[in-house]
Amino acid sequence: NIFAAVLCFPSMGAIISAPISMAATCAGSLFGSCCAGLTCKACSCTCLLPAKLTSALYVMLISLSVIAALLFEFDGGDIVIGGSSDSAASKSLLAEMKAAASGIATAAPQSYWNERFWCKARYPHGWIICCEDVCGGVFSVYRFSFVLALFFGFFALLTAVPSKFAARAHRGFWIAKIFLLVGLLVSTLFIDNSTLETYREVARYLSLLFLLLQILLLIDVAYTWNETWLSYDEDADDERCCGWKLAIILSSAVLYVGSITAWVLLYVYFGASGCPAQQSVISITIVFSLALTAVSCSKYAPHGTLLTSASVTAYATFLAYSALASHPDAQCNPLAHSGESASGLVVGLVIAAVSMASTAYNAAGSKQAVMGKEHGTDLDKPLDDTTSRSDGNGEDEVEEESWWYFHLMMAACSLYMAMLLTDWTTQPAFENGVPLTGTSGDWSVGLASFWVKLSSQWVALALYGWTLLAPYCLRESRDFGIEFDF
């Protein structure tokens with residue numbers, strides 16, 4: 001009987017473990033199925049948002065990407081999973097046997113995976129994700145920029161034709177967009193830095209597109225700024241001297257004083273004797289800025305404002321400094337070996353932030369600033385004047401919309417981000433066959449960057465001059481709603 005009982009125990013264990021194993025397998029399958037179902041449901045959720053909130057989220061996406069790119073650029077390094085162990089800690093025989101068994105099981109695939117990385121010697125027991133030349137320095141910025149450019153370029157194509165699909169693609173599917181962005185970012189880890197060098201040169205010249213769009217937006221913002229403060233002054237109905245008109249005059253004075261101070265400093269540091277090209281750039285900046293200010297105060301441009309002229313003058317001065325700081329002549333550029341100062345990065349980020357905020361606040365108005373008003377369209381309607389909300393289950397809840405211009409602006413901003421955050425560097429991926437890491441100011445100068453910035457300044461001054469003189473020059477053929485006294 002004793003032997004029979006002993007012999008029965010294995011079968012009894014099988015009887016008990018079989019349903020437990022089946023239940024565990026079933027539960028695991030159900031859990032996996034539920035996770036997959038939830039993921040598919042989340043990705044297919046339209047989750048429509050109002051237009052202004054949607055635009056703000058896109059701008060926030062670029063802002064967070066800029067912060068992350070700066071962190072990786074200056075503090076990035078090797079990213080490795082595992083590989084750390086406490087050799088001083090005592091281990092039991094069973095623990096050592098398990099470690100040996102797992103080491104034998106993972107040594108081959110780990111060695112095969114790490115073989116592609118040049119930093120593999122540093123981490124013999126870890127799984128390397130990327131080395132510091134990929135996850136740090138300027139090439140980490142290019143990866144963020146490349147992903148955003150692809151993302152917004154893709155949605156510019158999706159929203160090119162006015163339709164309900166375009167409206168839903170722009171305003172909804174946020175969880176799917178997050179998965180798309182993360183997937184694109186991870187995939188860039190497998191792109192060689194030498195390939196991203198080509199992307200950098202493409203971004204260098206296409207950044208001119210963003211600079212041109214930014215110029216138009218800033219001119220529009222400056223006009224709106226002046227008109228808003230004038231309306232505040234009229235609504236206040238206060239005859240005291242300390243009104244909104246005084247605020248306009250003081251703001252203009254601050255901008256002009258800052259510009260004049262910058263002109264003097266540019267002559268001192270960049271326009272020394274023996275630097276005729278630099279002297280010409282500074283002189284052209286001064287002459288055209290003062291000439292446009294005079295035109296804005298003349299009878300030929302009754303719509304011109306001093307605050308707008310001051311804003312354009314300050315922006316043109318900044319572009320002149322940025323261009324001169326990119327010139328490779330070390331005798332005429334004290335920043336040739338150190339790169340543009342941190343103040344240049346801060347000013348560039350602030351200007352880009354203002355233009356992006358203007359785009360997010362009123363995308364239709366920004367489109368009119370660039371392309372003019374389209375008659376017979378819905379651009380006059382408020383962007384939030386739709387019935388779409390976070391449900392978005394019915395086809396009739398959204399109107400036909402096209403957002404290609406907004407996403408084109410975002411894509412151009414992503415390209416400009418690659419230049420602004422890296423100081424327009426030309427740092428190569430390899431030097432003498434060795435991967436370059438970190439950031440060096442020696443690569444931050446070049447004639448290509450110089451001419452891109454200088455061309456954008458000339459276009460900025462020409463466009464502002466056209467906004468001042470177009471109503472007078474075309475007064476016989478087109479009505480701009482401006483009356484002339486002669």
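The table below gives the values:
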read-out: Matching residues, region 447-486, being open to solvent by 60 Å² or more (accessible area, probe 1.4 Å) and polar (S, T, N, Q); value: Ser477
read-out: Single match in Leu420, Leu447, Leu454 (criterion: aliphatic (A, V, I, L, M) and modelled with pLDDT of 90 or more); value: Leu454
read-out: Residue check, Phe117 surrounded by 14 or more Cβ atoms within 10 Å (Cβ to Cβ) and at pLDDT below 90; value: yes
read-out: Which numbered condition Ile128 fails, given (1) in contact with a strand residue (DSSP E or B) (Cβ under 8 Å, 6 or more places away or on another chain); (2) assigned to a helix (DSSP H, G or I); (3) β-branched (Val, Ile, Thr); value: (2)
read-out: Residue that is modelled with the highest pLDDT [pool: residues in region 192-235 that are within 28 Å of His303 (Cα to Cα) and acidic (Asp, Glu)]; value: Glu227
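Per-residue answers, yes or no, for (1) modelled with pLDDT of 85 or more; (2) surrounded by 13 or more Cβ atoms within 10 Å (Cβ to Cβ):
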residue: Asp237; (1), (2): no, no
residue: Leu250; (1), (2): yes, no
residue: Trp263; (1), (2): yes, yes
residue: Ala272; (1), (2): no, yes
residue: Ala277; (1), (2): yes, yes
residue: Ser283; (1), (2): yes, yes
residue: Ile286; (1), (2): yes, yes
residue: Tyr300; (1), (2): yes, yes
residue: Ala320; (1), (2): yes, yes
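The values are calculated or read from the model by the stated rules, or taken from the named source; none is laboratory data. What you see is a predicted model; the values in this text were computed from it and never measured. Note that we place each Cβ from the backbone using ideal geometry, even for glycine, and neighbour counts take in every protein chain shown. Ligands, DNA and RNA are stripped out before the accessible areas are found, and what is left, the full protein with its side chains, is counted by its heavy atoms. Shrake-Rupley method; radii C 1.70, N 1.55, O 1.52, S 1.80 Å.
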